[in-house]
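One structure below.
The values are calculated or read from the model by the stated rules, or taken from the named source; none is laboratory data. Please read all numbers here as calculations on a predicted model, not as lab measurements. Neighbour counts are summed over all protein chains in view; Cβ atoms, including those assigned to glycine, are modelled from backbone coordinates with ideal geometry. Just the protein is used for accessible areas: all its heavy atoms, side chains included, with ligands, DNA and RNA removed. Shrake-Rupley method; radii C 1.70, N 1.55, O 1.52, S 1.80 Å.
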Amino acid sequence: MSSLSFTSTENFVRSIDNAIGLTEAQRAWRTAALALLSVRFIQGFIYWGGGSRRFIYAPSKLNPEAPTWMANKFQTAMPGALFGTDHIISYMLQHFWLLYAGVILFSAAELIVGVMLMAGVFTRAAALVSMGFSVLLMAMFGWQGATCIDEWTMAAANLAMGATLLLGGSGAYSIDNVLIRRNPSRAEGRWFRWTSGSLPLPIKDIAFRNLALAVLGFVLLFDIGTYSYYRGSVMTPFHGGPVSPTKHHLTLGKAGLVPDGSVRFHVYLDGGTPEAPVHVVAADLLDANNRSVAHYDAAALSALPKTAFANDYAYNEFASGPFGIRAAMGAAATVTLPSPASGAANQARSIRLTDVDGRTFSATLDNKP
C-alpha cells in the first residue's frame, strides 16, 4: 500500500516536472536549492547578528569609552591567536585609528554579508567572504572556551556551511533568481554564475567534483588540524591546549634592579579565562637558593600607586586591586615594586609572583636597570 502510494506520488511529481519542462538534472538542482535554504538563511543570520549587535542593538561595543568596547575582546584573544594574528592584534591595540577603523569595517562587512546570504544576492561571493570570516575568527578566538572549544565550534561549523553555499549557491527563493529572470542573458555570463548561485557553476562535472573535493580537503584540514592543535583527541589524547582557557598563566621577563633600589619586571597574562581577572597576592625576591629575601604581601601590592604600572595597552590592564595586583586576560605591563629592605636587593637573584590559586611564576633578575 505504502509502496503504491509512494510510486503514485513520484509519478505525480514527475508529471508536473514534465509539464513545466524540467529535466531530471534541473529537478535535482531545484531539490538541492530548497534543501540549502535553512543553511543559507542561518549562516546569513549569524553574521548579520554579529554586525547588527554592534550597530543597532548594543552600540556600546563600538564605544571606546564603554567596558564592552570590542578592543577588550580582541585583547583577550591575543595570547592564543594563531598564524601571527596575535602580532596584528597587538599592533592594532597600540594604534587606535587602525583598531577603530578595523572594528567598524569588519562589523559592516559581517552585516552586509549576512544580509546578502539571507536574501540570496551574489550568494557564492558572500559565502566565500563568510569562509574568510570563519578562518579569521577561528585563528583569533578558536582556543577560547572553558568547558568546550566554544569559539572553535562556531567557526568550524560556519566554515563548512560557507563551503556548502559556495559550491551549491542560492537557487530557490533568492534575489539571484530574480536577477536572472529579469535578464536571462546573465545565465551566459561566467562571472554571474561564479558569484551569484542561482545556477550551477559553469564547469564540467569532473571539474566540479575536483573543486568540491579540494574545498572538502581544505575544510577538513583546517577544522580538524586546529582542533588537534587546540585540544588533541585526533592523533593525541585530549589536552588543555598550548594556551589554557581555564588556568591563568603569567610570563615574566626583563626583570632587574633599578638604580634607586626598586625592582622592575615585565609581566604578561597569556593564559586563562577572560571571564575572571587574575589576582597576584604575593611577590617575593629570591636568593640563589630560592629563599625569600624580600616579601610583598597582598596589602603591599594593593597599595601600589598607578605610576607603578606602565601598561602596554590602554584596555585590559594591570593595576592594584583589593587583593593585590589584578589584571584581565591579555594584559601586559612593566611593573615597578618599591625598594626592599636594606641589603635584600643585593642577595636577590630572581622574582616570584603568586596568584590567588597558589600558582607561582618566576623570572631571573638581570640586575640591570
The stretch 182-216: trypsin sites (Lys or Arg not before Pro) in DSSP coil with no more than 14 other Cβ atoms inside 10 Å:
204
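Suppose every K and R has +1 on its Cβ and every D and E has -1 on its Cβ; what is the size of the dipole of the stretch 191-335 about the Cα centre, in Debye to the nearest 20?
500 debye
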Excluding ligands, DNA and RNA, what is the solvent-accessible area per residue of the stretch 141-218 at a probe of 1.4 Å, expressed in Å²?
53 Å²
I want the local charge near residue 355. Using Cβ-Cβ distances under 14 Å, sum +1 for each Lys or Arg and -1 for each Asp or Glu among the other residues.
0
If one compares the long axis through the Cα atoms of helix 123-141 with the longest principal axis of the Cα atoms of the chain, the angle in degrees, nearest 10, works out at 20 degrees
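If you count only protein heavy atoms with a 1.4 Å probe, what accessible area per residue comes out for the stretch 278-330, rounded to a whole Å²?
Heavy-atom accessible area per residue stands at 46 Å².
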When a/c is below 1.5 the answer is rounded, else prolate if a/b is larger than b/c, else oblate, so apply that to the stretch 53-160 with a ≥ b ≥ c taken from the square roots of the Cα gyration tensor eigenvalues.
oblate
If the elastic network links every pair of Cα atoms under 10 Å, which of 318, 141, 55 fluctuates the most in the Gaussian network model of the chain?
55
Cα gyration tensor, the stretch 271-369 - rounded (a/c under 1.5), prolate or oblate:
prolate
Taking a straight Cα-to-Cα line shorter than 19 Å from residue 61, and setting aside same-chain aspartates and glutamates fewer than 8 residues away, one finds 110, 151, 275, 317
Any chance you could check the Cα centroid distance between the stretch 108-139 and the stretch 224-272 for me, in angstrom?
33 Å
Over all directions, what mean area does the Cα convex hull of the chain project, stated in square nanometres?
26.0 nm²
CD proxy at 222 nm, helix term only [per DSSP H run n ≥ 4: -39500 (n - 2.57); per residue of the chain; nearest 500]
-15000 deg cm²/dmol
Solvent exposure ordering (accessible area, 1.4 Å, most first) of 266, 295
295, 266
Fraction of accessible area attributable to carbon and sulfur, the stretch 82-238 (%, probe 1.4 Å)
72 percent
In nanometres, what is the gap between the two model label sites at residue 28 and residue 288, each 7 Å from Cα along Cα-to-Cβ?
8.0 nm
Assigning unit charges at the beta carbon (Lys, Arg +1; Asp, Glu -1) and nothing else, what dipole magnitude in debye, to the nearest 20, does the chain show about its Cα centre?
880 debye
